[in-house]
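Asks: My questions all concern the structure below.
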Amino acid sequence: SGGVWAVLTARFASRRILAGPRTGGEVVRMLVTSVVIPPAAVRHRVRGLVAHRRARAWCGPRVVLFDRDDTLIRDVPYNGDPERVEPMPGARQALDRLRHHGVRIGVVSNQSGVAKGRITAGDVRRVNARVEELLGRIDVWEFCPHDGGDGCECRKPRPGMIERAARRLGALPSDCAVIGDIGGDIEAALAAGARGILVPTGRTRPVEIARARETAPTLEAAVDLVLGGRGPR
């Protein structure tokens, strides 16, 4: 093993030295550091393995899908004006934490104003673009343009948007958490086989809060649940 170590160290040193013209002093320094670096790196690796030997791999959701209105931004009914977009408190910080942990982010939003003729699909996309300007990149957008009586498969509480968003991100619905402010968001999550977390607002009905398996008082608290695994209500 000592011989193998010497050969590998010599190869490491030669590749560093031959990468460019070197002075005599640089060659000496590279020889010394080439001998020191491998054992130092191995020692650091071993210390990390020992220190974190009881740590378990994080198995939280790969994808978090948010409702848009009254979850990420203030609800302005049938809003088609990007200038009226106002983020909910803590929204940017919550999304940035998920991004930092490598979690993909999506939005699934009912937009019945399109079917009602109050706004256009282009209006929805312009508002969504403004949301990204304020809150950062969203990996996938899905919105339902239908009204309640249209019988579509995408309007929450049906699971169509969640299933489609997961598929576009190369994930299963079971890999996803859905965060929203009303019962329909949570029902859609359960119908898709995803995890649902309710963040109540003034329009959330008490019965919706009572039925939710998981609730959080704020977006940041909901992200705590996502990053920390399943937690108490």
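Asks: Which value, in Å², gives the accessible area per residue of the stretch 44-200 when a 1.4 Å probe is used on the protein heavy atoms? Don't skip to the answer; put the middle values down first.
Replies: Values: 7840 Å² over 157 residues.
Counting only protein heavy atoms, the per-residue value for the stretch 44-200 is 50 Å².
Asks: Heavy atoms only, probe 1.4 Å: what % of the accessible area of the stretch 97-233 goes to carbon and sulfur, would you let me know?
Replies: Within the stretch 97-233, the accessible surface is 49 percent carbon and sulfur.
Asks: How big, on average over all directions, is the shadow cast by the Cα convex hull of the stretch 130-189, in nm²?
Replies: Numbers: hull surface 18.8 nm².
Result: a mean projected hull area of 4.7 nm².
Asks: Among bridges DSSP assigns within the chain, what percent are antiparallel (round to 5)?
Replies: 5
Asks: Next question, about the same structure. May I ask for the angle, rounded to the nearest 10°, between helix 121-135 and the longest principal axis of the chain, with both axes built from Cα atoms and the value confined to 0 to 90°?
Replies: That works out to roughly 40 degrees.
Asks: To continue, here is another question. Hey, any idea what the orientation-averaged projected area of the convex hull of the stretch 1-52's Cα atoms comes to, in nm²? Present the calculation step by step, with values, prior to reporting the outcome.
Replies: Values: hull surface 17.2 nm².
If I average the Cα hull's projected area over directions, I get 4.3 nm².
Asks: Of the listed peptides 215-224, 145-154, 121-130, what is their order by residue-averaged count of other C-beta atoms within 10 Å, with the highest listed first? Display every interim value, and only then the final one.
Replies: Numbers: 215-224: 18.1, 145-154: 13.8, 121-130: 16.3.
Order by mean packing, descending: 215-224, 121-130, 145-154.
Asks: Separate question: Could you give me the percent of Cα pairs per 10 Å distance bin for the stretch 63-227, shortest bin first, beginning at zero and ending with the bin that holds the maximum distance?
Replies: Each 10 Å bin holds this share of Cα pairs: 11, 43, 39, 7, 0.
The values are calculated or read from the model by the stated rules, or taken from the named source; none is laboratory data. Not measured: the values here are computed from a predicted model. Cβ atoms come from the backbone with ideal geometry, glycine included; neighbour counts cover every protein chain shown. Remember, those area values only see protein heavy atoms, side chains included, never the ligands or the DNA or RNA. Shrake-Rupley method; radii C 1.70, N 1.55, O 1.52, S 1.80 Å.
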